[in-house]
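Below: one structure, written as structure tokens.
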Amino acid sequence: MAYAVEHSTAVRTQQIDARQAQSDYRLAKLSFLPTVSGGVSGQYSWGRGVDPETNTYNNVTTFNNYYQLYASLDVFDGFRTINAFKQARLARQTAQTRIDKARDAKAIEVMQSYADAVYAQASIRLAADKLDESRRILQKTKRMFDLGEKSKPDVAQAEAQVAADDYNLTHQRNEARRTLLALKAVMNYPINDSLSLDSTTAVCPRLAADDASSLYESFSQISPEVLSAQADARSSRYDYLQQCASLMPSISLSGGVTTSFYKNISLKGTAESFASQFRNNRGEYLSVSLSIPLFDPSTWRGVRRAKSAWQKAEITLDETRRRLHDDIAQAVMDRDGYAKEVIQMERKAQSDSIAHHLNSRKYEEGMLSTFELRTSSNTLLESRIRLLQMRLLYAMKERLVDYYKGRPLVRK
């Protein structure tokens, strides 16, 4: 799970989003500052034109050069800037929560795939033991047939059992390769590299008195999934407030400094120097503008869409909380149920093992048919496979319940 989390594309994507959220937060803080701009323009004109001093036509060549430095500040924008800042701050605060959500989701996915792979590999050992036993029975049946104690159909049934067990072993090996490949894909592990699995399934089932409601009350406060849904709902609300700001009047303050340089190239003589004109032509201005939206259907449509998105986010939050409560209750119930099943299946597997051993002795003494021995052998195999499955399911559910108790699936 640690390897899968480290190499998970979803986790790395969330980490990039976290860095972007930090950048957006810094930009949102800068939005409270005024914007400052500057401009420089030059104009070279020739031919017939109007003299600005005499208002008569002339034919001259002139050069104009303009300089401007200005700043503007939104005094009131319907609280759009404040809500945008709160939204960016929320995104920065919940960035780690979204990373934890991706980590936990990947860890749970790997845990399930790992259980499937271990189950398939452990089943190979059981199928191989079953095949070895069927081959020994076939050899005994052939010797008993030579001695006249077994008939030809008994030998045929023993051979059929060997063929069936051989097929089952081949099937389990293919299934093990498939589940191992699926596990590598989930882990983002190199397909051609070897990956060894610990197929030990020894567990000690215990019956614990855990209350699902109590676990939900404590875990819902730290659940990355619930916290992410809460953040989405709050972010949608900020989107709605920013859209509402478009319906409110806005006030902005601006000011600037301008100057220019002018030279009539057609007239002989020397014009005023650049430094002199730059200083003497300087002017300052200060303005206040009020904008009142009167009619804009697209703005109303944007407000309605933002409100609908906010309402959907609230519904998603409620659904996330309810699903978390159901998941916790299901995990506790499954863990307790599998614990009881493991205990019962251990007894059953032990009893089936003793019964099969006695049936094998009866078969050797000619007191049991080949079909009855085959049934006994299949019953034992099914009990062992079922016990293996229950142990893996119990171990997985126990780990999941511990996660709901606050224990992390993977160390950070």
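The values are calculated or read from the model by the stated rules, or taken from the named source; none is laboratory data. Treat the numbers as computed from the prediction; the structure is a model and nothing was measured. Heads up, the Cβs are rebuilt from the backbone with ideal geometry, glycines too, and the neighbour counts pull from every protein chain shown. What goes into the accessible areas is simple: the full protein's heavy atoms, side chains included, and nothing from ligands, DNA or RNA. Shrake-Rupley method; radii C 1.70, N 1.55, O 1.52, S 1.80 Å.
Results for (1) over 27 Å from residue 339 (Cα atoms); (2) assigned to a helix (DSSP H, G or I), shown as yes or no for each residue.
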site	(1), (2)
164	yes, yes
168	yes, yes
172	no, yes
179	no, yes
185	yes, yes
189	yes, no
192	yes, no
196	yes, no
199	no, no
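Exactly one residue out of 342, 288 is of a type in the set (A, V, I, L, M, F, W, C), in contact with a strand residue (DSSP E or B) (Cβ under 7 Å, 6 or more places away or on another chain) and in contact (Cβ under 8 Å) with a residue 12 or more places away in the chain: that is 288. Scan region 223-240 for residues that are open to solvent by 50 Å² or more (accessible area, probe 1.4 Å) and closer than 30 Å to residue 37 by Cα and jot them down. Of everything in region 223-240, just one residue is open to solvent by 50 Å² or more (accessible area, probe 1.4 Å) and closer than 30 Å to residue 37 by Cα, namely 239. Residue count for region 256-292, restricted to those that are in a loop (DSSP other than H, G, I, E, B) and at pLDDT 90 or above: 1. Of note, residue 324 satisfies the criterion of being under 30 Å from residue 240 (Cα atoms) and surrounded by 17 or more Cβ atoms within 10 Å (Cβ to Cβ).
Report, by residue number, each residue of region 12-31 that is free of Cβ contacts under 8 Å to residues at least 12 places away in the same chain and among the polar types (S, T, N, Q). 20, 23 - these are the residues of region 12-31 that are free of Cβ contacts under 8 Å to residues at least 12 places away in the same chain and among the polar types (S, T, N, Q). Only a single item in (1) touching a Lys or Arg at 6+ places or on another chain (Cβ under 8 Å); (2) over 22 Å from residue 282 (Cα atoms); (3) surrounded by 14 or more Cβ atoms within 10 Å (Cβ to Cβ) is not met by residue 77, and it is number (1). Quick one: how many residues across region 176-190 are open to solvent by 40 Å² or more (accessible area, probe 1.4 Å) and not hydroxyl-bearing (Ser, Thr, Tyr)? Going through region 176-190 one residue at a time, the tally reaches 7.
Among all positions in region 265-277, there is no residue which is more than 30 Å from residue 66 (Cβ to Cβ) and open to solvent by 100 Å² or more (accessible area, probe 1.4 Å). Apart from one condition, residue 366 fits all of (1) touching a Pro at 6+ places or on another chain (Cβ under 6 Å); (2) on the phi > 0 side of the Ramachandran plot; the exception is (1).
When 48, 89 are checked against the criterion of being in contact with a Phe, Trp or Tyr (Cβ under 8 Å, 6 or more places away or on another chain), among the charged types (D, E, K, R) and exposed (fewer than 11 other Cβ atoms within 10 Å of the Cβ), a single residue qualifies: 48. Against the condition in contact (Cβ under 8 Å) with a residue 24 or more places away in the chain and either polar (S, T, N, Q) or assigned to a helix (DSSP H, G or I) (or both), how does residue 217 come out, does it pass? Spelling it out, it is not the case that residue 217 is in contact (Cβ under 8 Å) with a residue 24 or more places away in the chain and either polar (S, T, N, Q) or assigned to a helix (DSSP H, G or I) (or both). Taking first residues from region 177-201 that are of a type in the set (Gly, Ala, Ser) and partners that are open to solvent by less than 50 Å² (accessible area, probe 1.4 Å), the Cβ contacts under 9 Å between residues at least 6 apart in sequence or on separate chains come to 182/113; 182/117; 185/113; 199/117; 199/118; 199/122; 199/124. Can you tell me which residue within region 349-371, out of those that are open to solvent by less than 90 Å² (accessible area, probe 1.4 Å) and among the acidic types (Asp, Glu), is nearest to residue 134 (Cα to Cα)? Within region 349-371, the match that is nearest to residue 134 (Cα to Cα) is 364.
Among the residues making up region 191-212, those that are within 29 Å of the chain's Cα centre (by Cα) and either of a type in the set (Val, Ile, Thr) or exposed (fewer than 10 other Cβ atoms within 10 Å of the Cβ) (or both) are 191, 192, 193, 194, 196, 198. Of everything in region 377-401, what is within 21 Å of the chain's Cα centre (by Cα) and open to solvent by less than 30 Å² (accessible area, probe 1.4 Å)? Give them in sequence order. Once the filter is applied, which keeps residues that are within 21 Å of the chain's Cα centre (by Cα) and open to solvent by less than 30 Å² (accessible area, probe 1.4 Å), region 377-401 yields 400, 401.
Out of 159, 149, one residue alone is over 30 Å from residue 28 (Cα atoms), open to solvent by 30 Å² or more (accessible area, probe 1.4 Å) and part of a helix (DSSP H, G or I). It is 159.
Residue check: residue 233 meets all listed conditions (1) modelled with pLDDT under 90; (2) over 30 Å from residue 364 (Cβ atoms) but one, namely (1).
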